[in-house]
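Engineer: Below is one structure. I have some questions about it.
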Amino acid sequence: MLELEFIQCLSNPQYLNWLSQNRFFEDPAFVQYLAYLQYWKQPEYARFIIYPYCLFFLDCLQSQEFRTAMARTEVKEMVHSQQLFFWQHHRNNSVVKSEEAQGDTDILP
(Lines give C-alpha, C1' and ligand atoms only; values in the text may rest on other atoms or scores of the structure.)
Protein backbone atom coordinates (compact mmCIF):
# COMPACT_ATOMS: atom_id res chain seq x y z
CA MET A 1 0.00 0.00 0.00
CA LEU A 2 2.89 2.35 0.77
CA GLU A 3 4.34 1.84 -2.70
CA LEU A 4 0.98 2.67 -4.26
CA GLU A 5 0.85 5.96 -2.38
CA PHE A 6 4.45 6.79 -3.29
CA ILE A 7 4.11 5.98 -6.98
CA GLN A 8 1.01 8.16 -7.25
CA CYS A 9 2.94 11.06 -5.73
CA LEU A 10 5.14 10.86 -8.81
CA SER A 11 2.30 12.39 -10.82
CA ASN A 12 3.03 15.73 -9.12
CA PRO A 13 5.75 17.79 -10.87
CA GLN A 14 6.25 19.85 -7.71
CA TYR A 15 7.05 16.70 -5.76
CA LEU A 16 9.49 15.60 -8.48
CA ASN A 17 11.13 19.01 -8.24
CA TRP A 18 11.43 18.63 -4.47
CA LEU A 19 12.96 15.15 -4.83
CA SER A 20 15.47 16.49 -7.33
CA GLN A 21 16.38 19.58 -5.33
CA ASN A 22 16.89 17.46 -2.22
CA ARG A 23 19.19 15.15 -4.18
CA PHE A 24 17.15 11.96 -3.86
CA PHE A 25 17.83 11.34 -7.56
CA GLU A 26 21.57 11.32 -6.87
CA ASP A 27 21.22 8.30 -4.56
CA PRO A 28 21.85 5.11 -6.59
CA ALA A 29 19.61 3.11 -4.24
CA PHE A 30 16.72 5.51 -4.83
CA VAL A 31 17.24 5.40 -8.60
CA GLN A 32 17.24 1.59 -8.41
CA TYR A 33 14.00 1.76 -6.41
CA LEU A 34 12.44 3.82 -9.22
CA ALA A 35 13.49 1.11 -11.69
CA TYR A 36 12.00 -1.55 -9.41
CA LEU A 37 8.66 0.31 -9.35
CA GLN A 38 8.21 -0.34 -13.08
CA TYR A 39 6.17 -3.41 -12.17
CA TRP A 40 3.27 -1.04 -11.42
CA LYS A 41 2.80 -0.73 -15.19
CA GLN A 42 1.55 -4.33 -15.35
CA PRO A 43 -2.26 -4.49 -15.59
CA GLU A 44 -2.72 -6.46 -12.37
CA TYR A 45 -1.11 -3.58 -10.44
CA ALA A 46 -1.98 -0.60 -12.65
CA ARG A 47 -5.69 -1.13 -12.03
CA PHE A 48 -5.21 0.24 -8.50
CA ILE A 49 -3.68 3.51 -9.70
CA ILE A 50 -5.92 6.57 -9.54
CA TYR A 51 -3.46 8.99 -11.15
CA PRO A 52 -2.15 7.23 -14.27
CA TYR A 53 0.11 10.16 -15.12
CA CYS A 54 2.44 8.79 -12.44
CA LEU A 55 3.34 5.93 -14.79
CA PHE A 56 4.35 8.41 -17.47
CA PHE A 57 6.60 10.20 -14.99
CA LEU A 58 7.95 6.89 -13.72
CA ASP A 59 9.17 6.23 -17.27
CA CYS A 60 10.64 9.72 -17.50
CA LEU A 61 12.45 9.24 -14.19
CA GLN A 62 14.43 6.36 -15.69
CA SER A 63 16.39 9.07 -17.53
CA GLN A 64 19.23 10.81 -15.69
CA GLU A 65 18.66 13.83 -17.90
CA PHE A 66 15.03 14.17 -16.78
CA ARG A 67 15.92 13.64 -13.11
CA THR A 68 18.54 16.40 -13.29
CA ALA A 69 16.31 18.80 -15.23
CA MET A 70 13.49 18.49 -12.68
CA ALA A 71 15.62 20.41 -10.14
CA ARG A 72 15.12 23.58 -12.21
CA THR A 73 12.03 25.61 -11.38
CA GLU A 74 11.38 26.56 -15.01
CA VAL A 75 11.37 22.89 -16.02
CA LYS A 76 8.98 22.03 -13.18
CA GLU A 77 6.66 24.84 -14.31
CA MET A 78 6.82 23.77 -17.97
CA VAL A 79 6.08 20.14 -17.06
CA HIS A 80 3.19 21.23 -14.85
CA SER A 81 1.78 23.43 -17.65
CA GLN A 82 2.02 20.58 -20.15
CA GLN A 83 0.29 18.23 -17.71
CA LEU A 84 -2.51 20.74 -17.18
CA PHE A 85 -2.85 21.28 -20.93
CA PHE A 86 -3.17 17.50 -21.41
CA TRP A 87 -5.87 17.26 -18.74
CA GLN A 88 -7.81 20.17 -20.23
CA HIS A 89 -7.90 18.74 -23.73
CA HIS A 90 -7.66 14.98 -23.32
CA ARG A 91 -11.41 14.34 -23.15
CA ASN A 92 -12.15 16.52 -26.17
CA ASN A 93 -9.37 14.89 -28.19
CA SER A 94 -10.58 11.43 -27.17
CA VAL A 95 -14.14 12.20 -28.26
CA VAL A 96 -12.96 13.54 -31.63
CA LYS A 97 -10.75 10.48 -32.22
CA SER A 98 -13.57 8.15 -31.26
CA GLU A 99 -16.01 9.84 -33.61
CA GLU A 100 -13.45 9.87 -36.42
CA ALA A 101 -12.88 6.16 -35.90
CA GLN A 102 -16.62 5.62 -36.30
CA GLY A 103 -16.56 7.54 -39.59
CA ASP A 104 -18.24 10.71 -38.34
CA THR A 105 -15.86 13.39 -39.63
CA ASP A 106 -18.45 16.19 -39.84
CA ILE A 107 -17.66 17.37 -36.34
CA LEU A 108 -15.43 20.12 -35.04
CA PRO A 109 -13.17 21.81 -37.59
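The values are calculated or read from the model by the stated rules, or taken from the named source; none is laboratory data. For clarity, every value in this text was computed on a predicted model and none was experimentally measured. Please note: Cβ atoms are built from the backbone with ideal geometry, for glycine as well, and neighbour counts cover all protein chains shown. Each accessible area value is taken on the protein alone, full model and side chains, heavy atoms only, with ligands, DNA and RNA left out. Shrake-Rupley method; radii C 1.70, N 1.55, O 1.52, S 1.80 Å.
Engineer: Under a crude label model (7 Å from the Cα following the beta-carbon direction), how far is residue 47 from residue 72 in nanometres?
Structural biologist: 4.2
Engineer: Also, I was wondering about something else. Of all chymotrypsin sites (Phe, Trp or Tyr not before Pro) in segment 40-91, which ones are in loop regions per DSSP and have a Cβ with at most 14 other Cβ atoms within 10 Å?
Structural biologist: Listed in order of number, the matching sites are 48.
Engineer: Ranked from the most accessible area to the least, with a 1.4 Å probe and all protein chains present, what is the order of 11, 81?
Structural biologist: The residues order as 81, 11, largest area first.
Engineer: Same structure again: Using Cα centres only, tell me the gap between segment 4-18 and segment 44-77 in whole Å.
Structural biologist: The distance from the Cα centre of segment 4-18 to that of segment 44-77 comes to 7 Å.
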